[in-house]
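Here's the structure we're looking at; comments come further down.
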Amino acid sequence: MSLSIGIVGLPNAGKSTLFNTLTNHSVPMENYPFCTIDPSVGVVSVPDSRLEKLSEFSNSKKTINTTVSFVDIAGLVSGASLGEGLGNEFLSHIKSTNAIAQVIRVFDSKDIIHTEGDISPLRDLDIISTELSLSDLYIIEKHLSKIEKDCKKGEKESLFEKEVLIKAKKDLEENIKLNENNYEKEEKSVFSKLGLISSKPFLYVLNTSVSEKKDPLNKNKYENIIKYFKDKKLDYIELDAKTEHEIKDETDSAELRKTFEMDAFGVEVFIQKAYKMLELITFFTTGEEETRAWTIKKNTNIKDAGTAIHEDFKTKFKKADVIGIDTLLKQDSYAKARDAGLVRIEGKNYVVSDGDVVVFKI
């Protein structure tokens with residue numbers, strides 16, 4: 001499966017800067033709201049040092065990383081769901097994403113305006129959360145009207161959808177995001193079908209300033225914000241998107257990070273967080289022609305995992321040779337690993353582990 005992350009936030013929160021840092025794409029970053037009118041999509045190879053080592057081990061002609069797509073949409077404002085600013089039409093571009101990265105501006109700057117007039121991260125968090133919930137409410141109400149006739153006819157699927165959506169509507173009206181409540185798998189499938197954004201996993205990106213954080217006057221400000229996210233047990237990362245963007249192409253970027261006392265943020269850290277949040281893992285296939293990484297859900301059996309490569313594996317799968325990548329790389333060759341009895345033969349019920357190197361047999 002491919003991983004896609006939608007990037008949302010208020011105008012001038014640093015969404016496009018983050019997008020550019022992650023994807024090396026160039027989208028407008030002028031200092032005024034709504035500069036990113038058309039959604040920008042960047043597809044990025046997922047860095048994985050294990051893949052490079054495995055490719056070298058197999059002397060492969062090609063090395064193919066798994067990918068992640070980032071979707072950057074126009075900045076939302078308070079009242080977007082009612083048509084303020086550019087309205088909520090752009091949210092349709094992130095309905096199919098696996099997760100949402102919500103960029104929250106923590107840094108202050110006289111040169112970069114804020115649509116609300118001042119810096120208040122928790123207020124901004126609430127604005128975006130409210131607009132996304134209102135957008136979902138609109139979709140729910142629209143769908144409920146659409147299936148009403150089928151419900152009156154007693155059609156089971158429509159009746160089930162109605163039951164689920166009425167429950168979801170109540171949650172949203174009580175300011176409970178759909179990913180905060182315990183819904184069954186079948187209920188979540190209804191949300192997925194409609195692309196309800198507040199049902200997706202969220203990763204909060206606190207866009208900070210390295211120089212501000214060094215200023216003792218800002219210590220309480222940053223500590224209080226971090227405490228809020230920790231207390232709420234929300235998935236978050238801190239970064240200085242502007243500085244990251246400025247140094248990402250520098251040959252001595254590693255040294256610059258140390259100078260700025262920055263954590264090793266980049267595509268790797270961002271994706272690692274997303275993988276963990278979405279319970280995704282990576283397995284590998286390798287040979288002289290190519291070595292390749294594949295993304296699947298945790299706890300996936302090997303027959304279903306094979307469909308990431310080709311749908312035929314679902315019905316034609318017989319067995320697979322499996323070895324952990326760390327074990328394999330300690331050997332001189334795949335053949336020697338097999339002769340040493342380190343390569344296992346697994347059937348269709350085997351659950352794939354992160355780092356498995358697999359040879360499918362059909």
**Item:** Packing-based exposure ordering (other Cβ within 10 Å, fewest first) of V8, V46
**Value:** V46, V8
**Request:** Quick one: what are the phi-derived ³J(HN,Hα) couplings along the stretch 47-61, Karplus 6.51/-1.76/1.60 with θ = phi - 60°, whole Hz, x for glycine and proline?
**Result:** x, 8, 4, 5, 5, 4, 5, 5, 5, 5, 4, 8, 6, 6, 6
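How do 345-354, 199-208, 270-279 rank on mean C-beta neighbours within 10 Å, highest first?
199-208, 270-279, 345-354
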**Prompt:** Which of the following values of Cα Rg over 2.2 N^0.38 Å was calculated from the structure shown: [x] 1.12; [y] 1.03; [z] 0.95?
**Reply:** [x]
**For K200, distant residues with modelled amide H under 5 Å away** = none
**Request:** Using the Karplus curve 6.51 cos²θ - 1.76 cosθ + 1.60 with θ = phi - 60°, work out ³J(HN,Hα) for each residue of the stretch 108-124 in order, rounded to whole Hz, and write x for Gly and Pro.
**Result:** 10, 6, 6, 8, 10, 5, 10, 4, 9, x, 8, 8, 8, x, 5, 5, 5
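Given contacts defined as C-alpha pairs under 8 Å and at least six residues apart, what's the relative contact order of the chain, whole-number percent?
Worked out over the chain, it gives 20 percent.
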**Fill in**
The set of residues whose placed amide H lies less than 5 Å from the amide H of T300, leaving out same-chain residues fewer than 5 positions away, is V352
**Request:** Enumerate the calculated ³J(HN,Hα) couplings along the stretch 309-317 in order (Karplus 6.51 cos²θ - 1.76 cosθ + 1.60, θ = phi - 60°), each rounded to whole Hz, writing x wherever the residue is Gly or Pro.
**Result:** 8, 7, 4, 4, 5, 5, 9, 9, 4
**Asked** Of K167/K230; K15/K95; K230/K273, which pairs sit farther than 26 Å apart, going by alpha carbon to alpha carbon?
**Response** K167/K230
**Item:** Percentage relative contact order, the stretch 299-361, counting C-alpha pairs under 8 Å, at least six apart
**Value:** 50 percent
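I'd like the FRET efficiency for I237 and E173, computed as 1/(1 + (r/R0)^6) with the beta carbon distance as r and R0 of 25 Å, rounded to 0.05.
The formula returns an efficiency of 0.25 here.
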**Prompt:** What is the antiparallel percent of DSSP beta bridges lying wholly in the chain, to the nearest 5?
**Reply:** 50 percent
**Complete:** Counting only residues 5 or more apart in sequence or on a different chain, those whose built amide H sits under 5 Å from that of I64 are T291, R292, A293
**Asked** By the scheme Lys and Arg +1, Asp and Glu -1, what is the net charge of all other residues having a beta-carbon under 12 Å from that of E346?
**Response** +4
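Bear in mind these aren't lab numbers, they're just calculated from the coordinates by the rules spelled out. Source: prediction; values computed, not measured. Cβ sites come from the backbone with ideal geometry, for glycine too, and all protein chains shown count toward neighbours.
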